[in-house]
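For reference, the structure discussed in these notes is given below.
The values are calculated or read from the model by the stated rules, or taken from the named source; none is laboratory data. Since the model is a prediction, treat every value here as computed from it, not as a measurement. Every residue, glycine as well, gets a Cβ built from its backbone with ideal geometry; the counts of neighbours run over all protein chains shown. In case anyone asks, the SASA skips ligands and DNA or RNA and just uses the protein heavy atoms, side chains included. Shrake-Rupley method; radii C 1.70, N 1.55, O 1.52, S 1.80 Å.
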Amino acid sequence: MRYLFISLLVIFILPSFAVGGYKEEFEREFMSQPWAGEQAEENACIACHVSDKMEPKLKNIPQNWQMSIHYENNVSCHDCHGGDPMDAAMSMSRQRGFIGAPKYTEVPEFCGKCHIGILKNYLESGHGKALKKTGKGPNCVTCHGSHKEEQFIQKANIDIINEQRCTKCHSYERAMIMKQALFFTEKKIGELEDNFKSLKKEGVFTADDEKPLFSTQAEFRALFHTVDVSLVKERTDEFRKRIDIIEKNIQDTFGELRFRKNFSAFILLLFTGMGVVLFLISKTPKE
Amino acid sequence: MFNKIKKWLEVRIGLDDLTRTQLTEYRVPKNVNIFATLGFVALAGYALEVISGIFLLIYYTPHPDHAFRSVQDIMTRVPYGWLFRQMHVMGSNILIAVVMLHMVTVFLMGNYKRPRELTWVGGGLMLLVTLTFGLSGYLLPWTQLSYWATTVVTSMPTAFPYVGDFIARLLRGGDYISGITLGRFFALHIAILPPVFLSLIALHLFLIRRIGISATPFGTSDEEKRPLTEYKKKTYPDGSPYYPYFFRKQLLMVMIYVAVMFFLITFMPAMFSPDEANTPANPLKTPFHIRPEWYFLAPYQMLKLIPNKFLGISIQIILVGIFLLWPFLDSQKEKNVFKRPVLRGVFTFLLALWVVLMFWGKY
């Protein structure tokens, strides 16, 4: 048996030295993949911005970006600013589509590349018209933040409308009326998002209901960018109806989960009971 | 009515004789312990997998465009589809745990020793087939988790020079996991493995009945220590009848098995479905922290730790070989593992290593 072990070891160990070059190739192909434990971060933008060479006010950009809703949704530097994050030398080349940071008045068009519906409503709003006319009106960054200084791009949230921010330019009354008009619908949307989170934890596939909620929410928030209180009030009912349908589906799902729990608990009790009976009768004196 | 059926069967298959020889007069040793029921529990577990699997098969569509949706439909739209899916998924996991426990206890009691070498080899092969069932079934829901976990596992053979790429391509049906892989794994799961497995079960059960059940070695030394020269069935004239005494014990353990299964379904329904298990497979986006199922975690972690992958995989194959052929390599006559300190030490070390690697692989 000893010889068997030794010969097996020799058979397998010798070729493992002989194919040494194969090892590196395999490691590259197999073990350096994200599923092997580590993600190889190959982003030239981040590498440069966090380095000591970078001037201090631009150094925190990657950190602020990591706190943003863009980061959460895998929106990276080049998605907005263009350029090639995989090639350090060409990362800021205009040929690779680098457009750099926009001027103050260009910000809405810059963000509007992706947020199309919102851009349209914003341009028609008092905010958009003021920017166009004076060059000083509020742009996207005024309310949502960018990644400069200690800011990060915030998820659309009703708390963004607050006295401190709005009174930088005008009195708060109109903004407050707008906030009240949005309040219930926004609150409901927040609750539904929380519900989806807990359903996902239960292992429920929620995409079918999340998609309509996402589009309802996007449309509702785009509508708000008109900053037209009467229009928001007029159309709120329509959004509420759509939200009610989603809410009913979620409630049904919760009900279904409760039923499943009760049903399987019943089967659990049934088999436990049968187990107890078997335990009692299997201890007969004859044995 | 019942008597009429009994009579009808008696005339045709000799029912009385069958029940007498196979059940009431078939005796098992008096000191047989609860661990001896684990094989029967596993058998019942496999039966539940087959039944729930057939129900799933009715609604499942083995195509990359529809597989995920069909599984979601089973979970949400098909009446009680969730129950059968949960039974199939939870069942497969606790079944593997039971099979592993069965092998550990058989090993500790030394029941693999002559004349039961073939029974051990058959059982070991059944464990390997069971793990292949687990691997092939894992891909079928076509989720991010299953897609990438299968990518990891099918990458393993590429560590072998010359033949490695061929084996990986054979498994995947191409360079990547695709619809062809899904087709292959589906065929493996429902058509190729079941007959292989059934033959092994038949062999295993035949050998157990033919050789006779092994006595528990603790406290007694009733096994023959002289050289084995001729076939002799092990019988226990003074033992207790299999039916109803031992059979009731087996049934009791099956009840516990099913109760554990439904405990998990009731209180931890999402135990084996992290977020990636509810996201359809996306070959373009690799999720973080992808790892194989718990029963492959230890070998996976071992592979990550050994710097030379070829050596890593070779060692694993050698270990599987030693595990399968152990009864032929172990020439000691002593059955009681508590009287064999070296073997006991090595076994405890390997078991502890397995557990450590499993948890290490998880984090």
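Residues in segment B:35-86 that are under 22 Å from B:PHE186 (Cβ atoms) and in contact with a His (Cβ under 8 Å, 6 or more places away or on another chain): B:GLU49, B:SER52, B:GLY53, B:LEU56.
Exactly one condition in (1) at negative phi; (2) open to solvent by 70 Å² or more (accessible area, probe 1.4 Å) is not met by A:GLY128; state its number. In the conditions (1) at negative phi; (2) open to solvent by 70 Å² or more (accessible area, probe 1.4 Å), A:GLY128 misses (2) alone.
Checking each residue in segment A:24-55 for being modelled with pLDDT under 80 and assigned to a helix (DSSP H, G or I) picks out A:GLU24, A:GLU25, A:PHE26, A:GLU27, A:ARG28, A:GLU29, A:PHE30, A:MET31, A:PRO34, A:TRP35, A:ALA36. Of the residues in segment B:166-173, at least one is over 22 Å from B:PHE288 (Cα atoms) and within 13 Å of chain A (Cβ to nearest Cβ). Looking at this structure, is A:THR226 open to solvent by less than 30 Å² (accessible area, probe 1.4 Å), outside any helix (DSSP H, G or I) and more than 14 Å from chain B (Cβ to nearest Cβ)? Taking the combined requirement at face value, the residue satisfies it. Just name the residue that is surrounded by the fewest Cβ atoms within 10 Å (Cβ to Cβ) out of those in segment B:75-108 that are away from chain A (no Cβ under 14 Å) and hydroxyl-bearing (Ser, Thr, Tyr). The qualifying residue surrounded by the fewest Cβ atoms within 10 Å (Cβ to Cβ) is B:THR105. Here the helices (runs of 4 or more DSSP H) wholly within segment B:240-342 that include at least 2 residues being open to solvent by 60 Å² or more (accessible area, probe 1.4 Å) and closer than 30 Å to A:SER282 by Cα are B:247-267. If you go through segment B:246-276 and pick out every residue that is at pLDDT below 85 and at the interface with chain A (Cβ under 7 Å from one of its Cβ atoms), you end up with 2. State whether one or more residues within segment B:46-56 are among the acidic types (Asp, Glu), away from chain A (no Cβ under 13 Å) and over 24 Å from B:GLY179 (Cα atoms). Yes; the residues of segment B:46-56 include at least one that is among the acidic types (Asp, Glu), away from chain A (no Cβ under 13 Å) and over 24 Å from B:GLY179 (Cα atoms). Please work out if A:PRO15 is in contact with a helix residue (DSSP H, G or I) (Cβ under 8 Å, 6 or more places away or on another chain) and modelled with pLDDT of 70 or more. Against the criterion (in contact with a helix residue (DSSP H, G or I) (Cβ under 8 Å, 6 or more places away or on another chain) and modelled with pLDDT of 70 or more), A:PRO15 does not qualify. Taking first residues from segment B:295-322 that are at the interface with another protein chain (Cβ under 9 Å from one of its Cβ atoms) and partners that are acidic (Asp, Glu) and surrounded by fewer than 19 Cβ atoms within 10 Å (Cβ to Cβ), the Cβ contacts under 9 Å between residues at least 6 apart in sequence or on separate chains come to B:PRO307/A:GLU27; B:LYS309/A:GLU27.
Look at B:LEU83 and say whether it is at pLDDT 95 or above, closer than 19 Å to B:VAL258 by Cα and over 20 Å from the mean Cα position of the chain (by Cα). Taking the combined requirement at face value, the residue satisfies it. Determine, yes or no, whether A:LEU268 is buried (at least 18 other Cβ atoms within 10 Å of the Cβ) and facing chain B (nearest Cβ under 9 Å). The answer is yes for A:LEU268. Here is the figure for segment A:235-265: residues that are surrounded by 16 or more Cβ atoms within 10 Å (Cβ to Cβ) and among the acidic types (Asp, Glu) total 1.
Just need a number here: residues in segment A:177-205 that are away from chain B (no Cβ under 14 Å), surrounded by 16 or more Cβ atoms within 10 Å (Cβ to Cβ) and without any contact (Cβ under 8 Å) to a residue 40 or more places away in the chain. Step through it out loud before you land on a result.
Quick first cut of segment A:177-205, residues away from chain B (no Cβ under 14 Å) only: A:177-195.
Checking which are surrounded by 16 or more Cβ atoms within 10 Å (Cβ to Cβ) leaves us with A:178-179, A:181-182, A:185-186, A:188-189, A:192, A:195.
Still in the list and also without any contact (Cβ under 8 Å) to a residue 40 or more places away in the chain: A:179, A:186.
Counting residues in segment A:177-205 that are away from chain B (no Cβ under 14 Å), surrounded by 16 or more Cβ atoms within 10 Å (Cβ to Cβ) and without any contact (Cβ under 8 Å) to a residue 40 or more places away in the chain gives 2.
Looking only at segment B:57-79, residues that are in contact with a Leu (Cβ under 9 Å, 6 or more places away or on another chain) and assigned to a helix (DSSP H, G or I) come to 3 in all.
Does at least one position in segment B:18-28 carry a residue that is β-branched (Val, Ile, Thr), outside any helix (DSSP H, G or I) and open to solvent by 30 Å² or more (accessible area, probe 1.4 Å)? Checked against the condition, which is being β-branched (Val, Ile, Thr), outside any helix (DSSP H, G or I) and open to solvent by 30 Å² or more (accessible area, probe 1.4 Å), segment B:18-28 yields no hits at all.
Residues of segment B:114-140 being more than 14 Å from the chain's Cα centre (by Cα), part of a helix (DSSP H, G or I) and touching a residue at least 60 places away in the same chain (Cβ under 8 Å), which ones?
Let us first name the residues in segment B:114-140 that are more than 14 Å from the chain's Cα centre (by Cα), namely B:114-119, B:138-140.
Filter once more, keeping what is part of a helix (DSSP H, G or I): B:117-119, B:138-139.
Passing the criteria: B:GLU117, B:LEU118, B:THR119, B:TYR138.
Which residues, counting only those in segment B:141-154, are buried (at least 22 other Cβ atoms within 10 Å of the Cβ) and either of a type in the set (Gly, Ala, Ser) or assigned to a helix (DSSP H, G or I) (or both)?
B:GLN144, B:LEU145, B:SER146, B:TYR147, B:TRP148, B:ALA149, B:THR150 - these are the residues of segment B:141-154 that are buried (at least 22 other Cβ atoms within 10 Å of the Cβ) and either of a type in the set (Gly, Ala, Ser) or assigned to a helix (DSSP H, G or I) (or both).
Just to be sure I understand, how many residues within segment B:305-363 are of a type in the set (Gly, Ala, Ser) and within 22 Å of B:SER214 (Cα to Cα)? Don't jump to the end; show me each part of the working.
Let us first name the residues in segment B:305-363 that are of a type in the set (Gly, Ala, Ser), namely B:312, B:314, B:321, B:331, B:345, B:352, B:361.
Keeping just the survivors that are within 22 Å of B:SER214 (Cα to Cα) gives B:331.
Count: 1.
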